[in-house]
1. As an exercise, identify the trypsin sites (Lys or Arg not before Pro) in the stretch 156-257 lying in DSSP coil whose Cβ has no more than 16 other Cβ atoms within 10 Å.
2. For the chain, give the magnitude of the charge dipole about the Cα centre (Cβ charges: +1 Lys/Arg, -1 Asp/Glu; no others), in debye to the nearest 20.
3. Restricting attention to the stretch 113-208, which GluC sites (Glu not before Pro) occupy a DSSP loop and are surrounded by at most 10 other Cβ atoms within 10 Å?
4. Once fully extended, how much extra length lies between LYS203 and ASN5, figured as 0.36 nm per residue of separation less the alpha-carbon to alpha-carbon distance?
5. Output the pairs from LYS201/LYS268; LYS127/LYS337; LYS127/LYS211 with a Cα-Cα distance over 23 Å in this structure; if there are none, say none.
6. What is the sum of charges around PRO295, taking Lys and Arg as +1, Asp and Glu as -1, for the other residues whose C-beta is under 14 Å from the C-beta of PRO295?
7. Taking a cut-off of 23 Å, what percent of all Cα-Cα pairs in the stretch 1-84 are separated by more than that?
8. What's the FRET efficiency of LYS131 with VAL290 using the Cβ-Cβ distance as r and R₀ = 25 Å, to the nearest 0.05?
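What follows is calculated from the coordinates using simple rules that are stated; it is not laboratory data. Bear in mind that the values here come from a model prediction, so they are computed numbers and not experimental data. Because the Cβ atoms are built from the backbone with ideal geometry, glycine has one as well, and the counts that use them run over all protein chains shown.
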Amino acid sequence: KDLENLGVQIKILTGDNELVTEKICKDVGIAFSKILLGKDIEKLNDEELGKAVEEVVVFAKLSPYDKERIIKRLRSQNHVVGFLGDGINDSLSLIAADVGISVDTAADISKESSDLILLEKSLLVLKEGIKEGRRIFDNIIKYIKMAASSNFGNMFSIVGGSIFLPFLPMLPIQILTNNMLYDFSQMTIPTDNVDEDHLLKPKKWNFKNIKRFILFFGPISSLFDYATFFVMLFVFNAWANPALFQTGWFVESLLTQTFIVHIIRTSKIPFLQSWASWPLIISTLCVISVGIYLPFSPFAGAFKFLPLPPLYFVLLFIGLMLYFLITQFLKVWFIKKYEWI
């Protein structure tokens, strides 16, 4: 039942006869309408077997070849298949499956043919393994979306700024420092919480949707970068003071990149419906604090930073709130129109 709640369908492939199989399936609560026997499978061609493996839950009196054939057919129909077996006759199936699972008391050839060997006498390990795998996959996708969309947006900002500015929008040492601090904040993503509803069904690598996400959300950060350019040039008159301009964009770029992590990490409303893990929250706060502190620190000269006026932080706060609201609104629209991965 736990596995079915996670979207995993259980099928029984056994060499035992149908009477024994029926009794055990009823005892453990596996629902089925019919049992397909090995002798019937031998009469089916691949197309007919393909239909049968989708509909039938219990297969009995199977030869090792029958088991292997069923597993290969399921895989060919875009299913990810795990097979649990402990006998000598299960070795072919363990190899044919995406994930072969055995136990430490199994036959040697079964253990050698397996990808995983259960050391505990509990199948709940499989449930926890599936949930952990989905959590890891979800966090990997988070990192890819965040890093790629952020870099894509920064590329637009740097190229665009370099066209009309008489100086570099940001110095090389400032870009490297910005990237280092941002990467530091991302190091805690593997510890992040994953929304429970994201664990209920399997996800697959979808590069098309990731690319769509990057192309859609990347330029949004550039719009706020250009707004910062405007503020620094026309509010703080940074035309004649490149260091002030570079400092202002450094802080804004770092804060928006780091802050947006909490919006992108979940399909829900961040801080209200979904909270990040404590390590991610702490790393975010640390990086934001360092970014704000650097222009006022004794190290400011080494990075060519200048102290920023109080009005800058008022405008920065307003910009961050607008960035949050616009990105959240667009995220909701994106989820309705496309798949969220």
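1. Qualifying residues, ordered by number: LYS203, LYS204.
2. The dipole of the chain has a size of about 1040 debye.
3. GLU120
4. My answer for the length gained is 69.8 nm.
5. Cα-Cα > 23 Å for LYS127/LYS337; LYS127/LYS211; rest within.
6. 0
7. Percentage above 23 Å: 17.
8. 0.10
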